[in-house]
Amino acid sequence: MQELFPYLLNGVSVGGQYALIAIGYTLVYGILRLINFAHGDVFMVAGLVMVYSTTSMPIYLAIPLVLVATVALGFTIERVAYKPLRTAPRMSVMISAIGVSYLIQNLAFYITGGVPQPVSNPIPWISDNVVLFGASTKRVTLITPFLTIFLVIALVYLINNTKIGMAMRAAAKDFETAQLMGIKINSVISMTFVIGSFLAAVGSMLYFTNYPSVAITSGGMPGLKAFVAAVFGGIGSIPGAVVGAFIIGLCEEIIKGLGYTTFSDAFTFALLIVVLCVKPTGLFGEKVTDKV
Amino acid sequence: MLKIENLHVAYGGIQALRGISLEVPDGKIVTLIGANGAGKSTTLRTISGLVKAASGSISWNGEELLGKPIDKIVTSGIAMSPEGRRVFPDMTVLENLKIGAYLRKDKAEIEKDIQWVYSLFPRLEERHWQLAGTLSGGEQQMLAVGRALMSRPKLMMLDEPSLGLAPLVVQDIFSIIREINRQGVTVLLVEQNANMALKIADQAYVLETGNITMSGTGAELLVNEKVREAYLGKNG
């Protein structure tokens with residue numbers, strides 16, 4: 001147990017980071033029934049922006065810049081690549097999402113020259129080493145789960161108690177009727193991309209603080225894991241995505257702790273297959289009802 | 001007054017409306033009857049802005065509605081209770097009513113209107129905390145009507161409010177429609193239950209495959225031979 005403790009700490013932290021990404025997948029799916037394949041790349045771009053901004057300006061400007069730039073990117077992707085396809089078959093939108101994913105990676109390649117950008121102590125305080133019950137770790141590991149839970153609670157409050165939240169719930173259930181209430185569907189969809197990208201930006205800063213560099217493909221694995229977490233928890237459900245992400249983060253690190261690091265990724269997907277065999281809608285998933 | 005002139009609507013290659021013209025005078029109940037697929041719902045959906053028209057005009061108190069975004073049409077005083085009720089099943093009755101007032105900012109007045117809807121439908125007040133998906137069909141229809149009323153419409157469009165409801169519940173709904181009209185709301189009613197609809201209508205139109213084939217007062221059509229044969233059942 002003593003040897004496993006640092007892994008558990010890491011697991012909760014990685015889980016929190018996955019959760020912040022997974023919410024972006026699940027929110028967008030809830031409203032558009034679209035798997036936003038570009039979401040992992042948005043996460044990667046946030047990491048790059050962090051690397052560039054923290055080395056060229058003070059931290060109190062750099063962090064807001066990462067958040068604003070990432071949100072702007074998510075918003076723009078929706079307006080340019082998804083909105084024109086609103087009445088197109090879902091498959092077309094999905095292809096568009098895949099295209100955006102590669103476009104972002106190519107642009108990132110162009111800007112970075114394909115060289116992984118080193119991350120060196122971008123946000124000083126959170127990368128300090130701390131010792132907890134004999135386990136040494138970075139402060140970010142301890143902060144992540146709390147920050148994640150705080151943001152999730154804020155988001156759930158927003159969705160359940162504000163007007164825009166009500167509009168989001170209505171649109172997720174029934175586009176047409178929501179429009180009949182006077183809800184502007186496009187604003188609601190933009191809002192989900194803004195929220196999703198904001199959370200991915202936070203997750204990205206926490207995640208890459210723990211990594212030596214950001215490469216153009218760095219969004220791939222965490223993006224995929226977060227997506228698995230969202231499906232695992234029941235895609236469309238926010239609590240599902242969060243619980244799924246923490247479970248996956250923990251399992252992954254426990255496997256590493258047991259000495260099977262090589263198989264930790266494969267395990268994630270094996271877990272997904274098992275869950276989907278037993279409960280196809282995921283842990284908190286609703287029955288799939290197609291929109292009319 | 002709502003005035004539709006020579007309205008054409010096409011859906012994926014099919015001509016749903018082939019140049020219909022009709023009028024809905026202020027303060028009246030106007031009904032549109034016809035068989036399944038005649039274009040009744042399409043007419044309402046075009047007025048509300050959900051469906052784009054190919055040509056023609058829909059003027060509302062002198063203002064052209066075609067081409068306007070849906071939320072502007074709602075703000076101009078037109079609300080719809082859609083076919084199949086379409087209440088938000090995961091929201092409470094109260095939330096469903098509040099979302100009906102989505103575009104309004106006058107909080108105190110919204111509160112008053114919720115009480116007004118409760119006075120029309122006491123059942124909704126009893127169940128205000130219940131999820132709309134757990135209501136019976138009749139209660140859901142009341143909620144759909146109440147929700148539409150929450151935007152304080154001058155014109156209320158009702159698409160098949162009697163669909164799938166027991167005869168007694170249908171009578172309830174229709175007496176409420178009359179009551180709403182008495183309180184000054186103009187009503188445009190689409191119904192397959194032609195008998196009930198014609199009885200409360202001041203003016204009625206018969207729609208057949210995208211064309212208006214007959215019109216008159218509700219009482220006139222109720223005794224019209226052709227209407228009786230086609231929509232009321234010969235002995236009905």
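Please pick out the residue among A:F246, A:F232, A:F208 that is part of a helix (DSSP H, G or I) and touching a strand residue (DSSP E or B) at 6+ places or on another chain (Cβ under 8 Å). Working first, answer last.
On the way: A:F246 fails: touching a strand residue (DSSP E or B) at 6+ places or on another chain (Cβ under 8 Å); A:F232 fails: touching a strand residue (DSSP E or B) at 6+ places or on another chain (Cβ under 8 Å).
A:F208 is the lone residue from the list that is part of a helix (DSSP H, G or I) and touching a strand residue (DSSP E or B) at 6+ places or on another chain (Cβ under 8 Å).
Go over the candidates B:M157, B:M142, B:M150 one by one and state the one that is in contact with a Phe, Trp or Tyr (Cβ under 6 Å, 6 or more places away or on another chain) and surrounded by 21 or more Cβ atoms within 10 Å (Cβ to Cβ). Before you say what the answer is, go through the steps one by one.
Values: B:M157 fails: in contact with a Phe, Trp or Tyr (Cβ under 6 Å, 6 or more places away or on another chain); B:M150 fails: in contact with a Phe, Trp or Tyr (Cβ under 6 Å, 6 or more places away or on another chain).
After ruling out the rest, the residue left standing is B:M142.
Does A:I21 satisfy being out of contact with any strand residue (DSSP E or B) (no Cβ under 9 Å at 6 or more places or on another chain), closer than 16 Å to A:S197 by Cβ and surrounded by fewer than 24 Cβ atoms within 10 Å (Cβ to Cβ)?
Working: out of contact with any strand residue (DSSP E or B) (no Cβ under 9 Å at 6 or more places or on another chain): yes; closer than 16 Å to A:S197 by Cβ: yes; surrounded by fewer than 24 Cβ atoms within 10 Å (Cβ to Cβ): no.
So A:I21 does not fit the description; no.
May I ask you to list the residues in segment A:230-262 that are surrounded by fewer than 13 Cβ atoms within 10 Å (Cβ to Cβ) and at negative phi? Don't jump to the end; show me each part of the working.
Step one: list which residues in segment A:230-262 are surrounded by fewer than 13 Cβ atoms within 10 Å (Cβ to Cβ), which gives A:259-262.
The answer is A:Y260, A:T261, A:T262.
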Search result, residues across segment A:83-109 that are in contact (Cβ under 8 Å) with a residue 60 or more places away in the chain and within 18 Å of A:G24 (Cα to Cα): A:K83, A:V93, A:M94, A:A97, A:I98, A:V100, A:S101, A:I104
A:N210, sole failed condition from (1) more than 14 Å from every other protein chain (Cβ to nearest Cβ); (2) surrounded by 22 or more Cβ atoms within 10 Å (Cβ to Cβ): (2)
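Just name the residue that is surrounded by the fewest Cβ atoms within 10 Å (Cβ to Cβ) out of those in segment A:144-184 that are polar (S, T, N, Q) and more than 11 Å from chain B (Cβ to nearest Cβ). Don't jump to the end; show me each part of the working.
Kept after step one, since they are polar (S, T, N, Q), are these residues of segment A:144-184: A:144, A:148, A:160-162, A:177, A:179.
From what is left, the residues that are more than 11 Å from chain B (Cβ to nearest Cβ) are A:144, A:148, A:162.
On the way: A:T144: 29, A:T148: 26, A:T162: 11.
In this case the residue turns out to be A:T162.
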Some residue of segment B:86-98 being part of a helix (DSSP H, G or I) and modelled with pLDDT under 95: no
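Residue-wise test of (1) within 14 Å of chain A (Cβ to nearest Cβ); (2) basic (K, R); (3) over 23 Å from B:T186 (Cα atoms).
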site: B:K72; (1), (2), (3): yes, yes, no
site: B:P82; (1), (2), (3): yes, no, no
site: B:L120; (1), (2), (3): no, no, no
site: B:E126; (1), (2), (3): no, no, yes
site: B:R147; (1), (2), (3): yes, yes, no
site: B:K154; (1), (2), (3): no, yes, no
Within segment B:40-54, considering residues that are surrounded by fewer than 24 Cβ atoms within 10 Å (Cβ to Cβ) and more than 14 Å from chain A (Cβ to nearest Cβ), the one nearest to B:L158 (Cα to Cα): B:A53
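Conditions (1) part of a helix (DSSP H, G or I); (2) at pLDDT below 95; (3) of a type in the set (A, V, I, L, M), marked per residue:
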| residue | (1), (2), (3) |
| --- | --- |
| B:R147 | yes, no, no |
| B:L163 | no, yes, yes |
| B:V169 | yes, yes, yes |
| B:L188 | no, no, yes |
| B:V227 | yes, yes, yes |
| B:N235 | no, yes, no |
Flag for B:L198 being out of contact with any strand residue (DSSP E or B) (no Cβ under 6 Å at 6 or more places or on another chain), buried (at least 22 other Cβ atoms within 10 Å of the Cβ) and either under 24 Å from B:G27 (Cβ atoms) or within 14 Å of another protein chain (Cβ to nearest Cβ) (or both): no
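The values are calculated or read from the model by the stated rules, or taken from the named source; none is laboratory data. Just so it is clear, the model here is predicted, and its values are computed rather than measured. Cβ: placed from backbone, ideal geometry, glycine included. Neighbour counts: every protein chain shown.
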